[in-house]
Amino acid sequence: MKVLILGSNGMLGPWLSEILKDDHEIIETDLEQIDTNTNFVKVDISNTNQVLEVAEGVDAIINLSVLRTDRKIAFDVNMKGNLNMMLAAEKFKISRVINTGPHFQVAGPTYENYDSEITPDIPPQPGVNLYAITKALGQEICRVYTENNPHIYLQTLLFYNFYNDSLTLGGERNVGKPPQEVGTDLTPFSIRWEDAAEAIKKALEISLDNLPTRLENYFIFADLPHGKFSNKKAKEQLGWQPKYNLKDLWSR
Amino acid sequence: MNLLVKSGNQQLEKILKKFNPHNVVITDEITEKNILNTDCLIMLSSLNHCSDPEELNLKIQDIYNTLSLCVEQDIKKVIMVSSLEVFDYDANYTVTERWKVKPKKDFLNLSINLSELVFKEFGRTFPFQKILLRVGFPIDNMAENKNKFSCFTKEDDFINSISRILKINFKNQFEIFHLQSESDSQRYLTNKLNELENLSSNISDHFYHPRGKKL
């Protein structure tokens, strides 16, 4: 497949492009040029024309872009960026759209503080946290465009905390920090980078005919014993199985 | 009452300007200064028109910023005037406040839907009175005579509805009301708003309580 990755220069992008590059023709995009062996195009996802230009002729779009803190840019990237992606999917009849975001764009504080066994198909309650609500607005745009365009299949994969093999928590704010101490527990929505990338690959490669509906959400995290959330749907529908359980952190 | 109206629709501004006996201020931009001493903020979910992604983006940012300021300044009541156009159902359906919104994908309709979403999340999170008033457009005293609209609102009906909403203490609840004027081809039901005529000033008197006890 010819696959467009938006926001490829984030923390997850390199892991994903590494496992896709042998089987797919990928176009990586981001605001700044990155070192890559694949095609790279400089694209600002909040620029409608740039997104439309780069999306022509692709079979699938994967959106990894995210902006968490600046109020204006968070709207530009998380909301308008999604609108631009869906305009491209509509214009060029792109069937497969894979969106990503944090789990709390669906399961905000009104769920997380109260409930357990939370599934990805609950009505979204992001609350007003800037990151959560702008991603939820972007997701609503994706939903409306998918419902109004019968050719589009939207899969949304939701993540939160990422760990590497030395149990250092991911994200730019953690670069250079020491690994997390074992036996100190972790947020019940954590995963290794490799497993996260593998879940996206599964979503990319599943036959669209095997999706129950054209709008599917998945919670993507390791097999953790907390019981707070459920990753069962991703495992059953996508055939995805996390390889790492991060046991060193949640057991003594 | 001190009413602050966020501008965006000239026709509505014209109607609200002559909204006696209230003190109405209409402004392009809500600031810490002009929101002081406001009893109720009235804001619009939609623009007059919305033709490109950036207009939509700025509109929703503005809704978020305005509501953030309301919370910071402890405004007690906010009315979002929205549109019944956010329901893309068959015209024969008995759409009420309990129905799920079904927006179209044009930018204007999408902006209404996203504005409501932001309002709902602020409503879910913070304790203030939040009233979502979905109105049938156009708001026009002559619309009925033109005989081409199944959904329109007369100016008096709009003003009367706002008056009623202002009088009632909604106890920090999130309430949705649908408004359109009566006509032979009336599309939307407005039972809930009509019932407000008979309410006292405390809406909690009108909720069901098990064994008659208030929760």
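Scan region A:73-104 for trypsin sites (Lys or Arg not before Pro) in coil per DSSP, keeping those whose Cβ has at most 10 other Cβ atoms within 10 Å, and list them by number. Within region A:73-104, the qualifying trypsin sites (Lys or Arg not before Pro) (loop, at most 10 other Cβ atoms within 10 Å) are A:93.
DSSP bridge analysis restricted to chain A gives an antiparallel fraction near 5%, rounded to the nearest 5. Relative to one another, the C-alpha centroids of region B:41-58 and region A:86-147 are positioned 21 Å apart.
Phi angles across region A:197-206 convert, under the Karplus curve 6.51 cos²θ - 1.76 cosθ + 1.60 with θ = phi - 60°, into 3J(HN,Hα) values of 5, 4, 5, 5, 4, 4, 5, 5, 9, 5 Hz, Gly and Pro given as x.
Taken over the Cα atoms of chain A, the convex hull encloses 121 Å³ per residue. Across peptide B:53-64, the average count of Cβ atoms from other chains found within 10 Å of a residue's Cβ is 5.
Please compute the alpha carbon radius of gyration of region B:2-212, then divide it by the globular-protein estimate 2.2 N^0.38 Å. Two decimals is fine.
On the way: Rg = 16.7 Å, N = 211, 2.2 N^0.38 = 16.8 Å.
Here the answer is 0.99, to two decimals.
Once C-alpha pairs closer than 8 Å and six or more residues apart are averaged by separation and normalised to the residue number of chain B, the relative contact order reads 18 percent. Could you check which residue among A:56, A:172, A:32 shows the biggest mean-square fluctuation in a GNM of chain A with a 10 Å Cα cutoff? Of A:56, A:172, A:32, the Gaussian network model singles out A:172 as fluctuating most. The charge dipole of region B:2-212, taken about its Cα centre with unit charges on the Cβ atoms of Lys, Arg (+1), Asp and Glu (-1) only, comes to about 480 debye. Where both bridge residues fall in the protein assembly as shown, DSSP classifies roughly 0% of the beta bridges as antiparallel.
Does region A:59-174 classify as rounded, prolate or oblate by the C-alpha gyration tensor (a ≥ b ≥ c root eigenvalues; a/c under 1.5 gives rounded; else a/b over b/c gives prolate, otherwise oblate)? Cα axes put region A:59-174 in the prolate bin.
Please report, in debye to the nearest 20, how large the charge dipole of the protein assembly as shown is about its Cα centre when each Lys and Arg carries +1 at its beta carbon and each Asp and Glu carries -1 there.
Roughly 1420 debye, rounded to the nearest 20.
Note on the protein assembly as shown: Kirkwood radius taken over Cα pairs, Stokes-Einstein applied at 20 °C and 1.002 mPa s, translational D equal to 89 µm² s⁻¹. Length available on full extension from residue A:251 to residue A:210: 0.36 nm per residue minus the Cα-Cα distance, which gives 11.1 nm.
Using C-alpha pairs under 8 Å with a sequence gap of at least 6, the mean separation divided by the residue count of region A:100-252 gives a relative contact order of 27 percent.
Arrange the peptides A:138-147, A:235-244 so that the one whose residues have, on average, the most other Cβ atoms within 10 Å appears first.
Sorting A:138-147, A:235-244 by mean packing, highest first, produces A:138-147, A:235-244.
All of the numbers you see were taken from the coordinates with simple rules; none came from a lab. The shown structure was predicted, so the numbers you read here are calculated from the model rather than taken from an experiment. Note that each Cβ is placed from the backbone with ideal geometry, even for glycine, and that neighbours are counted across all protein chains shown.
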